[in-house]
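Participant: This is the structure, below, for whatever I ask next.
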Amino acid sequence: MTEIMPFVGTRYNSRFIGNLSKVLSPPYDVISPEFQDKLYKRDPHNIVRLELNKVEAGDTSQNNRYTRARNTFRLWRSDSILIEDELPSLYFYEQVFKLPDSTTKSRRGFYAAVKLEDYQSGGIKAHEQTFAGPKADRLNLMRSTNANFSPIFLIYRDPKHDISDIVDSVMQETPWEEVVDDDGVIHKLWVIQDNAIIASLKALMQERSLFIADGHHRFETALNYRNEMREKTGLCDGKQPFDYMMMYLTAAEQDGMVILPTHRVLSREVLQDVCLPDVLKELRENFDFESAGVVDFDDPDSATKNILPKLVAKGQNRTPAFAMIQHDGTLTYITLKKGVMPKTLIDDESVSDIICNLDVTILHRYIFNQVMIGNPDYELETEEECFYVRDIKRVFSLLKTKRCSLAFLMNTPNMEQVLEVVQQGEKMPHKSTYFYPKTITGFVLRYMG
């Protein structure tokens, strides 16, 4: 059973800030060091100073990025830069955005405080693996600030549109806030304090199971924090602020539920002992190769117009396919041969058929680990080894500057594949999905007091 609650949101004081677009940011995990610098310079009150404070020379256990976030949060609250709403609320949220082909879509949902559940209960399900590093980082931030700065993004099924109809009716009204981000995405927010609407949504959501679209590390961090606080306080009644987490909930059936690919770019370091000709020779036993000339790294738009559509065509009917680009721009399409069963490639009987059939599994478990690196259990976790990149411009930049040597452009799993994985209790490899657009950070915060 899913339990949602309204909460007293902490929001920027627009009378003090003015245009909120200058103080909002994406979630921490898509903020590059360069963009972090840009956000720092954009406004002294940008949410990045809470969400992803900079590491500074001379940091200690008493003075570091987490203590600075805590002190900044306290200062902004005391100075009324951040203020609390008067009543517990739900926060309806719409994003209007364009796809690379210029198609305009919108995704609608709402923020609520959702009661945390362990995975074993089955009420909240994950679809991606997590790593210890990001969870330790987010836990340190939560310990220091006792707050949720960005929501976890969850999806529910709403085939009869019972919930979507309520959301849509509210969004006929003028939004309380509206901003445009750096990617041109329009973000709109409605503050809902109507008891009848809240009661209806609470009742309807009880019937739903949830699965995490984005924020697996934050969710598992919230569980760890809850367990720590229960042990520390002795309060285990399930009714404490730490038993809940701020989450963004949206319906799977809407047209604006978009998944984009996350491409893989391998660094020179991870490939320094790899003989690429030998790798390609071995891959030809199971993959068809099509040479497609040389990519112009100064023309990333060509990839959107030509390379990616052709890759999508090669991946029809869930056929595993990749566009491989070498450091000199050589482009090769690699497609699994007909009759080759993905399960036969993966040297691990514990990996299920549904996971073996995913492009990302074949790329990581077979091409990267078994053929290139020679270690089936290897994890390409850090950016010293593998960059997980959505923007083609950044892929080309990494190759052009010779920071990286090899890129694999990816097709994305569709929603049906993701739901199949979740329903079977499986998990995809890291960064398998990129639900676009990301929820914005800073529209609503939740202080746990």
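Participant: Can you tell me which residue is modelled with the highest pLDDT among those in the stretch 407-432 that are closer than 19 Å to A323 by Cβ and out of contact with any His (no Cβ under 7 Å at 6 or more places or on another chain)?
Facilitator: Taking the candidates together, the pick is N411.
Participant: For the stretch 312-341, how many residues are surrounded by fewer than 17 Cβ atoms within 10 Å (Cβ to Cβ), small (G, A, S) and in contact (Cβ under 8 Å) with a residue 60 or more places away in the chain?
Facilitator: Of the residues in that region, 1 qualify.
Participant: Also: Taking the stretch 91-103, which residues are surrounded by fewer than 22 Cβ atoms within 10 Å (Cβ to Cβ) and of a type in the set (A, V, I, L, M, F, W, C)?
Facilitator: Passing the criteria: V96, F97, L99.
Participant: Given the structure, is H187 crowded, with 20+ Cβ neighbours inside 10 Å and assigned to a helix (DSSP H, G or I)?
Facilitator: no
Participant: Return yes or no: is T401 touching a strand residue (DSSP E or B) at 6+ places or on another chain (Cβ under 8 Å) and either over 30 Å from Q120 (Cα atoms) or hydrophobic (A, V, I, L, M, F, W, C) (or both)?
Facilitator: no
Participant: Ok, one more. Considering each residue of the stretch 69-90, count those that are open to solvent by less than 50 Å² (accessible area, probe 1.4 Å), farther than 17 Å from P44 by Cβ and assigned to a loop (DSSP other than H, G, I, E, B), and give that number.
Facilitator: So the answer is 1.
Participant: On the given criteria, is R230 assigned to a helix (DSSP H, G or I), open to solvent by 20 Å² or more (accessible area, probe 1.4 Å), closer than 21 Å to F7 by Cα and modelled with pLDDT of 95 or more?
Facilitator: Yes: the conditions hold for R230.
Participant: Can you find a residue in the stretch 270-280 that is in a strand (DSSP E or B), open to solvent by less than 60 Å² (accessible area, probe 1.4 Å) and touching a residue at least 24 places away in the same chain (Cβ under 8 Å)?
Facilitator: no
Participant: Specify which of the listed residues (S106, S164, S144) is open to solvent by 10 Å² or more (accessible area, probe 1.4 Å) and either more than 23 Å from the chain's Cα centre (by Cα) or over 29 Å from Q417 (Cβ atoms) (or both).
Facilitator: After ruling out the rest, the residue left standing is S144.
Participant: When you look at E177, is it among the acidic types (D, E), at pLDDT 95 or above and within 24 Å of V96 (Cα to Cα), yes or no?
Facilitator: It is true that E177 is among the acidic types (D, E), at pLDDT 95 or above and within 24 Å of V96 (Cα to Cα).
Participant: Would you please name the residue that is most open to solvent (accessible area, probe 1.4 Å), looking only at residues in the stretch 15-68 that are of a type in the set (D, E, K, R) and at pLDDT below 95?
Facilitator: The extreme case among them is R15.
Participant: For F211, work out the one condition from (1) at pLDDT 95 or above; (2) open to solvent by less than 20 Å² (accessible area, probe 1.4 Å); (3) touching a His at 6+ places or on another chain (Cβ under 8 Å); (4) not small (G, A, S) it doesn't fulfil.
Facilitator: Looking at each condition in turn, F211 falls short on (1).
Participant: Still on this structure, please answer the following. List pairs: first residue in the stretch 36-55 and closer than 20 Å to T145 by Cα and outside any helix (DSSP H, G or I), second residue among the small types (G, A, S) and modelled with pLDDT of 95 or more anywhere in the structure, Cβ distance under 9 angstrom, at least six positions apart or on different chains.
Facilitator: What qualifies is N46/S25; N46/G442; I47/S25; I47/S150; I47/G442; L52/S25; L52/A69; N53/A69.
Participant: What's the number of the condition A196 fails, among (1) outside any strand (DSSP E or B); (2) of a type in the set (A, V, I, L, M); (3) within 17 Å of the chain's Cα centre (by Cα)?
Facilitator: Every listed condition holds for A196 apart from (3).
Participant: Go through (1) part of a loop (DSSP other than H, G, I, E, B); (2) modelled with pLDDT of 95 or more; (3) open to solvent by 40 Å² or more (accessible area, probe 1.4 Å) for E253 and report which single condition fails.
Facilitator: So E253 meets the others, but not (2).
Participant: If we only count strands (runs of 3 or more DSSP E) wholly inside the stretch 342-449, which ones have 2 or more residues that are more than 30 Å from V8 (Cβ to Cβ) and open to solvent by less than 20 Å² (accessible area, probe 1.4 Å)?
Facilitator: 386-389, 404-410
Participant: Moving on. Which of (1) open to solvent by less than 60 Å² (accessible area, probe 1.4 Å); (2) of a type in the set (A, V, I, L, M); (3) part of a loop (DSSP other than H, G, I, E, B) is the odd one out, the single condition L235 does not satisfy?
Facilitator: (1)
Participant: Additional query: Read through the list (1) on the phi > 0 side of the Ramachandran plot; (2) modelled with pLDDT under 95, then give the number of the only condition that S80 fails.
Facilitator: (2)
Participant: Check L283 against each of (1) among the hydrophobic types (A, V, I, L, M, F, W, C); (2) under 26 Å from the mean Cα position of the chain (by Cα); (3) open to solvent by less than 30 Å² (accessible area, probe 1.4 Å) and name the one condition it does not meet.
Facilitator: The failed condition is (2).
Participant: When the stretch 111-161 is examined, which residues are found to be outside any strand (DSSP E or B) and either within 24 Å of Q95 (Cα to Cα) or touching a Cys at 6+ places or on another chain (Cβ under 7 Å) (or both)?
Facilitator: Correct list: A126, H127, F149, S150, P151, R157, D158, P159, K160, H161.
Participant: Only one of I259, I307 is closer than 30 Å to K438 by Cα, aliphatic (A, V, I, L, M) and buried (at least 18 other Cβ atoms within 10 Å of the Cβ); which?
Facilitator: I307
The values are calculated or read from the model by the stated rules, or taken from the named source; none is laboratory data. The structure displayed is predicted, hence computed values, not measured ones. Glycine gets a Cβ as well: all are built from the backbone with ideal geometry, and neighbour counts include every protein chain shown. In case anyone asks, the SASA skips ligands and DNA or RNA and just uses the protein heavy atoms, side chains included. Shrake-Rupley method; radii C 1.70, N 1.55, O 1.52, S 1.80 Å.
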